[in-house]
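Asker: I'd like to ask some things about the structure below.
Please treat every number below as a calculation from the coordinates, not as lab data. Predicted model, so just to flag it, every value in this text is computed and none were measured. FYI the Cβ positions are ideal-geometry reconstructions off the backbone, even for glycines, and counts take in every protein chain you see.
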Amino acid sequence: MKVLKTGKIEQVLDRLAQQADVYAPMLRGQQSGFFSWRSYDEDYDDLMFDILNVYQPPKDIVLPQTEKMYSIHQDGQDVTIEPIVAEVEPKIIMGVRSCDVRGIDYLDEVFLTKGYVDDAYKARRDKLTIIASACYNPGTNCFCDSMGVSPTDPESADVIMREVTGGYVWDVKTEKGEAVTKQIEDLLEEQEVELFPLKSFLRKVDYSGVAEKLKDMFEDPMWEKYSEPCQTCGICTYLCPTCYCFDIQVKNWGDEGYRFRCWDSCMYREYTQMAGGHNPREAATERFRNRFLHKLQFFPERYGRPLCTGCGRCIVTCPAGVNIIKIIDTVKEAETGA
Amino acid sequence: MNYTKEIREIATRLLENEQVDMVMAWEKGDLEYQTVPFIARTVDEVSRIVCDEYSIHNLSNSLLRFRDGQEKIAIVVKGCDSRGVVRLLEDNQFPRERLYIIGVACPGVKDPLLAMKQNSGFEKVQDQDEGLASKCRYCLQPNPVIYDELVGEEQPLAELQERFARIEEIEQMSADERYQFFEDMISTCIRCYACRQVCVACNCRTCIFDETRPQWVGRETKIGDNMMYHLIRASHMAGRCVECGECERVCPVNIPLMLINRKLIKDVNGFFGPYEAGMEYVEGRKPPLSVYKENDPDDFL
Amino acid sequence: MHDCSCEKPLVPGIVEVIDIIDETPDIKNFYVRSENGVPFDVMPGQLAMVSLLPVGEGMFSVSWQEENDHLEFAIKRTGLMTDELHRIEVGQKLGVRGPYGNGFPVEECKGKDMLFIAGGIGLAPLRSFIKYCFKHREDYGKITILYGSRSSADLCFKDELFEKWPQEKDTEVYVTIDNPEEGWDGHVGFVPAYLEELNPSPEGTIAVICGPPIMIKFALQSLEKMGYSDEQVITTLEMRMKCGIGKCGRCNIGSEYICLDGPVFNLAQLRQLPPEW
């Protein structure tokens, strides 16, 4: 087995960064997320390969929170537009957990399938290599296995790092994985090591049949009950590795401007606010319900799998204690539909 | 702190006598350290109410959801939360008559979010007893400033952190350094608006950031729009922030928002003070920057 | 279904406004033409995103495509972007992208009698279907148009309504306004009441309806009373939209995206959806 010793991680990052923009889990000041190794500052940043996960998923690497689409020039009544095509350099995300790899899979489905290929997304995705980090020790709020994710074998990873005593087994999965491995071959050691067993999950949910049952639970009182403490902020949507909804807006100064897309949140009232004043999801409960139905019923109906990877971030960070597990449990336990 | 028994008794009495239509308090979440907002509307629901060492969530903001109704509402408030109620009363967002305020003398509380985070595997430091919430270490008023009924013995002021120490350090920076400091701090904002949503002083019906005709602040998460967001919010907080610390507590990217609020508190106090927002409710009294007088100094114009 | 052959479906093409017709005090009909005539072919009931660069973008129903010549958008002033749009003059360049959505089932309706019921700006999307029927007159049976608005000034497409359409073969046009007014000798009253008064037979008929939610609500009740089945009633929905291709998220009702699977649904389909329409 090829093994990467913990002490050589920084060398690997340096090497990979020669040919790609490499993102690694870090604590940067007060923030925890995937940051570019090029911007690493040892006085300020702390590599976090050894913790369960970081708060901000790597979503913005494939779907930037703000992305310019085209510039606009107006001259009297004349107007011209020019698509803004950002130059895409190869990127590597290293140390991604299975839940977040699956998150990228779902973004792929949204932006690359069903008769539509998003050029900008595809360009980034094609040049992305995913070096995942297998998870043997699920956290307090983890339930990825319940959502059909294997914590130790993320399907679309190009390489899987498997933590062992003193380092990581370097498990190459794809051609892209081979390519990055070639660059660091001399930093790996051939060694026989024993893998850790997967510890059992502390949280279990049974999602089977939930999507079907939800069809009859649109008017269920649970929505009122569970949404009551919700503050309708955007934490859950912005920290979710799968929430992909976006807005398209314009910025202009006089006759110049550009149109951009940016993440949006279904928890915001403005999300469905129509120009004439009508809003089909005016109430917090309605927005709350739509968020969970999208994840647990609507997305599965369209794409076949639930839009939740069991990463637990929304549970950990919700100021009001809203818990998707509890919602799934409640649906599961419901006698019949409505 | 554990006033669960007392609060349940009061809630039962108020609901039984039909003195109120609902009681705003807390209930336990899924984990032992989770205590989350809860509204009891029937006597049966009272048994879910708790008031324990994790009852940190400032409920006063939740009153806003009922501001257009007629319901009579009992609300449980700690010292800081009660200042939030004063905020709403001063801002004419809620009539005093519709409220039955159950005050609890607060010895300081713990932060379930912090406990959750330390217990989640997302932090390097794990499973430590996190002690009192950071906002409690700056608490000026552990005892409710307005109430109809008080639970618990009046609490002495805790030994305070130097309230403005960090502010003074930042004031000593050069303008460039200071700008850089705030730019670094604000650039990480993801614009989830959690700070606004939990803030009791953010009680505008249509927030300027949601306004689309015209759109005052762009939706890009880059420094310009982020700065606009935080600067506008800050200027709206001047003289109005009751220092409950909820904004900073809920921020998912840990922006030290109370630095901004404390700077404003310090300045408002310096210019117009002595003044502490929401320390007592006097009908008709307004925060210094919420009134206009003919003889206001205007030499800066 | 939108067949996305365009390379950059979120980037508009440029069109020029070649004519602006004041339909009512707050509705204007904009004729737009690209270099090659129409920027893309549109079926009746389909949508397109119109942008007044650099102000904003809005999704509108195409109210007519004059083949190889221009597209028409009848647009009511309701918000920031439409306010600005109402200030532009002929010659202004706009962005337009599309077409989006399913459109009216023009094929399935062949051989049927058509009953069009519209209120206010709701006539704009139906107009594309009405004019399509006239263009392919032999494919459709009797055509009945019932249209109402608040006042006579608020009636749009008056020329067609009072002059052209009544001249068409086997066609009846009924117009009503909400309140009596001087100089109006036509019908007065709400659309649903007038509909019941006219009592058009459901036999072999498809009803197509669009208007303010309150009108739709009562007209649907009237149609039901008159014996129309859910499959015989078609409407077109409105939601806030941003992308037009079922990706940005917001225009869903249940798992259907209005921009992609809609905006046209029959009542039987709508009853399967959560009641957010």
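Asker: Could you bin all the Cα-Cα distances of the range C:113-236 into 5 Å bins starting at 0 and give me the percent of pairs in each, rounded to whole numbers?
Answerer: Calculated over all Cα pairs of the range C:113-236, the distribution is 2, 11, 24, 25, 21, 12, 4, 1, 0 percent.
Asker: For chain B, give the magnitude of the charge dipole about the Cα centre (Cβ charges: +1 Lys/Arg, -1 Asp/Glu; no others), in debye to the nearest 20. Kindly include the intermediate steps, with their values, before the conclusion.
Answerer: Numbers: 37 positive and 51 negative charges, 125 e Å.
Roughly 600 debye, rounded to the nearest 20.
Asker: Which order do A:LEU27, C:LEU71 fall in if you start with the one that has the fewest other Cβ atoms within 10 Å?
Answerer: Values: A:LEU27 20, C:LEU71 28.
Ranking A:LEU27, C:LEU71 by Cβ neighbours within 10 Å, fewest first, gives A:LEU27, C:LEU71.
Asker: Taking a cut-off of 34 Å, what percent of all Cα-Cα pairs in chain B are separated by more than that?
Answerer: Summing the P(r) of chain B above 34 Å gives 23 percent of all pairs.
Asker: With +1 on each Lys and Arg Cβ and -1 on each Asp and Glu Cβ, and nothing else charged, work out how big the dipole of chain A is about its Cα centre, in Debye to the nearest 20.
Answerer: Magnitude of the dipole: close to 760 debye.
Asker: Also: If you average the alpha carbon positions of the range B:181-243 and of the range A:200-246, how far apart do those two centres end up, in angstrom?
Answerer: 27 Å
Asker: Please compute one quarter of the surface area of the Cα convex hull for the range C:1-156 and express it in square nanometres. Please list the in-between numbers first.
Answerer: Numbers: hull surface 37.3 nm².
The Cα convex hull of the range C:1-156, projected and averaged over all directions, gives 9.3 nm².
Asker: Continuing with this model, one more query. How many nm is it between the label spots at B:ASP91 and C:GLU276, if each spot is 7 Å from the Cα in line with the beta carbon?
Answerer: 2.9 nm
Asker: Another one. HN-Hα J couplings of the range B:209-222 from phi, Karplus 6.51/-1.76/1.60, θ = phi - 60°, integer Hz, Gly and Pro as x?
Answerer: 7, 9, 5, 10, 10, x, 8, 7, 10, x, 9, 6, 8, 10
Asker: On average, how much area does the Cα convex hull of the range A:188-338 cover when viewed from any direction, in nm²?
Answerer: Spelled out: convex hull of the Cα atoms, projected over all directions, averaged, 15.3 nm².
Asker: Taking the Cα centre of the protein assembly as shown as origin, work out the dipole magnitude from +1 charges on Lys and Arg Cβ and -1 charges on Asp and Glu Cβ, in debye rounded to 20.
Answerer: Here the size comes out at about 880 debye.
Asker: Using the Cα centre of the protein assembly as shown as origin and beta-carbon charges of +1 (Lys, Arg) and -1 (Asp, Glu), tell me which of B:ALA115, C:PRO275, B:HIS236 is placed farthest towards the positive end of the dipole.
Answerer: B:ALA115
Asker: Full extension from B:LEU132 to B:ARG205: what is 0.36 nm times the residue separation minus their Cα-Cα distance, to one decimal in nm?
Answerer: 22.9 nm
Asker: According to the Kirkwood expression over distinct Cα-Cα pairs, how big is the hydrodynamic radius of chain A, in Å? Could the numbers behind the result be given before it?
Answerer: Numbers: mean 1/r = 0.0460 Å⁻¹.
By the Kirkwood definition, the hydrodynamic radius is 21.7 Å.
Asker: Once you sort the root eigenvalues of the Cα gyration tensor of the range C:120-181 as a ≥ b ≥ c, which label holds: rounded (a/c under 1.5), prolate (a/b larger than b/c) or oblate (the other case)?
Answerer: Since a/c reaches 1.5 and a/b is larger than b/c, the shape of the range C:120-181 is classed as prolate.
Asker: Report the normalised scattering of the protein assembly as shown as log10 I(q)/I(0) at q = 0.04, 0.08 Å⁻¹, calculated by the Debye formula with identical scatterers on the alpha carbons.
Answerer: Summing over Cα pairs of the protein assembly as shown leads to -0.22, -0.86.
Asker: Still on this structure, I have one more. Cα-Cα over 19 Å: which of B:LYS5/B:LYS28; B:LYS266/B:LYS293; A:LYS173/A:LYS204; A:LYS295/A:LYS326?
Answerer: Listed pairs above 19 Å: B:LYS266/B:LYS293; A:LYS173/A:LYS204.
Asker: Oh, and also: Taking a ≥ b ≥ c as the square roots of the eigenvalues of the Cα gyration tensor of the range B:4-151, is the shape rounded (a/c under 1.5), prolate (a/b larger than b/c) or oblate? The partial results should precede the final answer.
Answerer: On the way: a/c = 2.04, a/b = 1.55, b/c = 1.31.
Prolate, because a/c is 1.5 or more and a/b exceeds b/c.
Asker: List the lysines whose alpha-carbon lies under 28 Å from that of C:LYS158, not counting same-chain residues fewer than 8 positions away?
Answerer: Counting by Cα, and skipping residues close in sequence, C:LYS158 has these lysines nearby: C:LYS28, C:LYS76, C:LYS93, C:LYS110, C:LYS112, C:LYS131, C:LYS135, C:LYS142, C:LYS169, C:LYS217.
Asker: Which of the trypsin sites (Lys or Arg not before Pro) across the range B:61-140 are loop residues per DSSP, with 16 or fewer other Cβ within 10 Å?
Answerer: Taking the range B:61-140 and a limit of 16 other Cβ atoms within 10 Å, the loop trypsin sites (Lys or Arg not before Pro) found are B:ARG67, B:LYS72, B:LYS124.
Asker: Given the options A:ALA179, A:LEU128, A:GLY310, identify the residue whose Cα lies farthest towards the positive end of the charge dipole of the range A:2-333 (+1 on Cβ of Lys, Arg; -1 on Cβ of Asp, Glu).
Answerer: My answer, from the dipole projection, is A:GLY310.
Asker: Choose one answer from C:LYS76, C:LYS93, C:LYS164: the residue with the largest mean-square fluctuation in a GNM of chain C with alpha-carbon springs under 10 Å.
Answerer: Highest fluctuation among the options: C:LYS164.
Asker: For chain C, with a Gaussian network of springs between Cα atoms less than 10 Å apart, report the residue from C:THR78, C:THR205, C:THR236 with the top mean-square fluctuation.
Answerer: C:THR78
Asker: Now a separate question. Once you mark the GluC sites (Glu not before Pro) that are in a DSSP loop and have at most 13 other Cβ atoms within 10 Å, what is the longest gap between them in chain A?
Answerer: Answer from the scan: A:88-154.
Asker: Over chain C, how many percent of alpha carbon pairs lie in each 5 Å bin up to the one with the longest distance?
Answerer: So the P(r) values, bin by bin, are 1, 6, 13, 17, 19, 18, 14, 8, 4, 1, 0.
Asker: With just the Cα atoms of the range B:165-284, tell me how far they stretch along each of the three principal axes, in Å, largest first.
Answerer: Sorted largest first, the three principal extents are 40, 38, 25 Å.
Asker: A:CYS266: net charge of surrounding residues, Cβ under 9 Å, Lys/Arg +1, Asp/Glu -1, itself excluded?
Answerer: Spelling it out: positives minus negatives among the neighbours equals +3.
Asker: With point charges of +1 on the Cβ of Lys and Arg and -1 on the Cβ of Asp and Glu, referenced to the Cα centre of the protein assembly as shown, which listed residue (B:ILE39, A:LEU239, B:LEU289) lies farthest in the positive direction of the dipole?
Answerer: With unit charges placed on the Cβ atoms, the residue in question is B:ILE39.
Asker: Can you tell me the FRET efficiency between C:GLU163 and C:GLU196 if r is taken as the Cβ-Cβ distance and R0 is 22 Å, rounded to the nearest 0.05?
Answerer: Details: r = 27 Å, r/R0 = 1.25.
Efficiency, rounded to the nearest 0.05: 0.20.
Asker: Okay, moving on. Highest GNM mean-square fluctuation, chain C, Cα pairs closer than 10 Å: which of C:PHE73, C:PHE40, C:PHE162?
Answerer: Top of the fluctuation ranking is C:PHE162.
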